[in-house]
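Only the coordinates and a few stated rules stand behind these numbers; no lab work does. Predicted model only: the values in this text are computed from it and were never measured. Cβ atoms come from the backbone with ideal geometry, glycine included; neighbour counts cover every protein chain shown.
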Amino acid sequence: MRSYFFTFKLSLLLITSSCAKISIKRSDISNKGQLHLSKQLSPFMSDGCSKWPNGTLANPDAWLKCCFVHDQQYWLGGTEGQRFNADQQLKACVKEEFTDWMSIIMYLGVRIGGGPQYQTSYRWGYGWNYDRGYIPLTQEEIDYAKTIAPKEFDDIKKYIRKTK
């Protein structure tokens, strides 16, 4: 009986959180376009796995690389579909690096708490200095982001800020 009640509460939480969306259009942020992109998009930083451990006691960075890649996608933001894909990739990576059950727990966490409507340092599109919601990125924004994003062989530790 307890597991049914827990499942019901979790389902209710998922449903209600997925209904809360920010309705922002590109025209709503048109005045931001007057600023150079360097004034709109902060250089990439990651907090690792946000409010979650980066690994286990035996392997403290067991799934950190999964969170790091996920953070790069969340930093830049984009459409709701891109967020869904980023979360699916996180789930697959954690499953490969650790276990299926951990991947499910982390996936539920980012689906519930990572939306752009939350004023957190780890929300979807957190790199921008304003709320973007799920506005698609322009090619100019993508090109600029590539110039300030981590490079493939960079040491990820130099991008991790300590918040835990």
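The lysine pair tally for the stretch 60-164, using Cα distances under 15 Å and a gap of 8 or more places or different chains, is 5. If you plug the beta carbon distance of Thr99 and Thr147 into 1/(1 + (r/R0)^6) with R0 = 41 Å, you get a FRET efficiency near 0.65. Among Leu57, Leu64, Leu137, the order by Cβ neighbours within 10 angstrom, fewest to most, reads Leu57, Leu137, Leu64. Under 5 Å between amide hydrogens, built in the peptide plane, is the criterion, and for Tyr134 it picks out Ile24 among residues at least 5 positions away or on other chains.
Of all aspartates and glutamates in the structure, the ones whose alpha carbon falls short of 18 Å from that of Lys39, not counting any fewer than 8 places away in one chain, are Asp28, Asp131, Glu140, Glu141, Asp143. Measuring spread by the Cα atoms of the stretch 60-164 yields a radius of gyration and Dmax of 13.7, 39 Å. Note: relative contact order over the stretch 43-164, using C-alpha pairs below 8 Å and six or more positions apart, is 33 percent. The order of Trp75, Trp128, Trp63, going from fewest to most other C-beta atoms within 10 Å of their C-beta, is Trp128, Trp75, Trp63. Taking a ≥ b ≥ c as the square roots of the eigenvalues of the Cα gyration tensor, an a/c ratio of 1.5 or more together with a/b no larger than b/c marks the stretch 112-164 as oblate.
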